[in-house]
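*Asks:* Sending over a structure as structure tokens; questions will come in a sec.
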Amino acid sequence: MGAEEGVEAGAEESDEPETERPVVDDEAATAEPARRRGVSGVLAANPMRVVLAAIVIGAIVAGGIAFALGSFTDNGNVGSTDIGENERLTQNAFTRSVAGDCLDWPDGQPGQPSKVACDQLHRFEVAGPLNTALLPGSEFGDSAAWPGAERFAAIRDEQCPVIVDDYLQGKLDPQGRFSVGMMYPSQAQWDKGARELRCGLQQTGKGGQPDQVAGRVIDNDQSFSWPPGTCIGIDQQTRRPTVPATVVGCSEPHAFQTTGIVDLSARFGNRTSGKPWPQIDDQNKFLAGICPAQAQRFLGGKEKLDATTLNTQWSVISEPSWLAGSRKVVCYIGLPDRGGFATLVGDARQTLLINGKLPAPPPQAPPGRVLPTPVPLPPGIQPNPEEVPAPAG
């Protein structure tokens, strides 16, 4: 539900209940914190964004994603279910849901929600109902016309961040993997009298649809934590990672490839330690001793890493993310290009194309020589000392 794909509310439980459609997460927040935001942030300033407005996708979090109650920009799209015209609207898992409930549904079928234990895989965590009486006029009156996906998305962005922030007691990572979303009735259900709205949280995946996750958000480390070798898509118009950050096959165009995850808990304190946020310089100093060696192991040695011409980079954790309990950062390889990232195609451990061309390793630099960085990098990212411009493409 984090996407505006809402579930239709209220079909008969015994007969593929239609529930409200979740609002889909279209685009991450536009503003970025002064400090970098996690992989999403890391890439963010080349931004990879994280949305706080999860289900409502689009916005980035109450408190964070879009830093502090940022605005959400995604529009959800709702579908209808095939129910008889005269069928009576009944209660289902969606209409009965309360704060703290977790809902799941078959892939692509938000109209068939079921309540599951939150430690099981689910797509939406309910933060609370939205009281439509607070909305202006008679927009939700008995005879009112269905508002439409764009209006539901706007309502989500206006109302849900506060509900989610209260539910999580301010512990939503604004640069994390969970975003704020909302479930609402499809037009078919609206016409039968459904007016239920639920704000909640989701982890948005490809196409803005909610992925399945296990565990409550408050109990999870909200950092992005992709396995080594994961490739993250690129918007080739902006030369930035897709928003929200989307996992793609490495044979598809991508901005960077991960080489591993580093948990900062051991060095700077776990979620319950009460230790203060480590300054960006301290994080960079620590990660500079880990990520380069990790990249070499990932690729099979320094020579193989150098042959790719890619730079070793990493994300860092902003203070709001730290206070929300996030402790993991991502090490990855990519290449800055014209204010963004070069387009990579292929697994860096095999055949790799950079902007459509095979990498051409530069001659070995004399000892002590450092080449200038060709383009600005996101906060928290260290350039490879032997960095060279990406090939034109």
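*Asks:* Assuming a ≥ b ≥ c are the square roots of the Cα gyration tensor eigenvalues, decide whether the stretch 236-321 counts as rounded (a/c under 1.5), prolate (otherwise, with a/b larger than b/c) or oblate.
*Replies:* Oblate, because a/c is 1.5 or more while a/b does not exceed b/c.
*Asks:* Continuing with this model, one more query. Determine the gain in length on full extension of the stretch Lys275-Arg349; use 0.36 nm per residue of separation and subtract their C-alpha separation, reporting nm with one decimal.
*Replies:* 22.8 nm
*Asks:* Express the accessible area of the stretch 168-210 per residue in Å², computed with a 1.4 Å probe while the remaining protein chains stay in the model.
*Replies:* Accessible surface, normalised per residue, equals 27 Å².
*Asks:* How far is it, in nm, from the label point at Leu358 to the one at Asp211 when both lie 7 Å from their Cα along the line to the Cβ?
*Replies:* Between Leu358 and Asp211, the label points sit 3.4 nm apart.
*Asks:* Between Ala144 and Gln91, what is the FRET efficiency for a Förster distance of 22 Å, r being their Cβ-Cβ separation, to the nearest 0.05?
*Replies:* Once rounded, the FRET efficiency stands at 0.55.
*Asks:* Could you give the length gained by full extension between Lys285 and Ala133, i.e. 0.36 nm per residue of separation minus their alpha carbon distance, to one decimal place?
*Replies:* Length gained between Lys285 and Ala133: 49.5 nm.
*Asks:* Still on this model: Ranking request for peptides 227-234, 167-174, 214-221, 195-202: highest mean number of other beta-carbon atoms within 10 Å first, then the rest in descending order.
*Replies:* 195-202, 167-174, 227-234, 214-221
*Asks:* Return the FRET efficiency for the residue pair Arg297, Ser114: r is the Cβ-Cβ distance, R0 is 30 Å, and the value is rounded to the nearest 0.05.
*Replies:* FRET efficiency, Arg297 to Ser114: 0.10.
*Asks:* Which distance in Å, rounded to a whole number, links the C-alpha centroids of the stretch 318-344 and the stretch 118-156?
*Replies:* 33 Å
*Asks:* Okay, which of the stretch 259-277 sit inside 14 Å, backbone N to the point 7 Å along the Cα-Cβ direction of Glu319?
*Replies:* Counting only backbone N, you get 276-277.
*Asks:* What lysines sit close enough to Lys171 to cross-link, taking a C-alpha to C-alpha distance under 20 Å and skipping anything fewer than 8 places away on the same chain?
*Replies:* Lys275, Lys328
The values are calculated or read from the model by the stated rules, or taken from the named source; none is laboratory data. Remember, predicted model here, so these are calculated numbers, not experimental data. Every residue, glycine among them, receives a Cβ derived from its backbone with ideal geometry; neighbour counts consider all protein chains shown. All accessible areas refer to the heavy atoms of the entire protein, side chains included, with ligands and DNA or RNA removed. Shrake-Rupley method; radii C 1.70, N 1.55, O 1.52, S 1.80 Å.
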